[in-house]
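Right, one structure below, let's go through it.
Derivation of every value follows stated rules applied to the coordinates shown; laboratory data play no part. It should be emphasised that the depicted structure is a prediction, and the values quoted were computed from it without experimental measurement. With ideal geometry, Cβ positions are generated from the backbone for all residues, glycine too; neighbour counts draw on all protein chains shown.
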Amino acid sequence: MRATYLILLSLISAISFAQPVQDTGSEQKAAVQASQLSTKAASIKQSVLDLNRDLYQLEEELLSPATTRAAVYFSLAYGQYFEPYSINITVDDKQPIQYLYTERQISALRDGAVQPLSNLNLGPGLHTIKAIAKGVDGNGIKRELILEERLEKLDQPLYIELKIQDNKKLKTAELLISQW
């Protein structure tokens with residue numbers, strides 16, 4: 001009985017203190033498989049991103065085809081005779097486009113920046129645009145520049161720029177509209 005205990009004890013100690021044998025071939029296979037999985041995951045991720053971009057473009061084309069696409073921009077030429085505080089634009093008496101300006105934004109506009117205000121869906125035909133720019137003139141007096149004009153939208157995208165431009169002869173500013 002004592003001999004069996006000694007044999008069992010020696011077997012248990014041999015098993016518990018034995019170092020596991022490492023199979024380098026299986027580790028290399030696992031590393032190669034992990035690398036292949038990583039490559040496949042990156043490929044799938046790129047495919048999902050490409051598909052998402054394609055779906056977004058398709059959605060844009062369906063919701064806003066070129067025949068109804070329009071955009072409104074705002075700019076300030078010089079700005080010596082007028083400093084805008086806000087602009088309010090309505091197209092066909094629908095929901096207005098409104099924007100309030102900070103000193104930093106006015107400075108950027110004076111430096112030549114063109115601000116995109118809104119993207120619209122307008123069907124082909126005649127449309128009425130009304131714009132009111134509120135601000136102060138060169139003497140610090142509150143003033144409004146008002147513009148109302150009819151535009152014709154064709155089957156192509158329409159880009160509208162509202163520009164406050166100085167009129168040096170009259171020493172005043174005026175609100176102009178141009179189409180691109």
Problem - Qualifying positions in segment 116-141 - assigned to a loop (DSSP other than H, G, I, E, B) and surrounded by fewer than 16 Cβ atoms within 10 Å (Cβ to Cβ) - result: G123, P124, G138, N139, G140, I141
Practice task
Return yes or no: is R110 more than 19 Å from the chain's Cα centre (by Cα) and of a type in the set (D, E, K, R)?
Solution key: yes
Handout entry: Members of segment 85-115 that are under 18 Å from K153 (Cβ atoms) and part of a strand (DSSP E or B)
Key = I89, T90, V91, I97
Practice task
Of all residues in segment 37-87, count the ones that are under 20 Å from L126 (Cα atoms) and surrounded by 14 or more Cβ atoms within 10 Å (Cβ to Cβ).
Solution key: 8
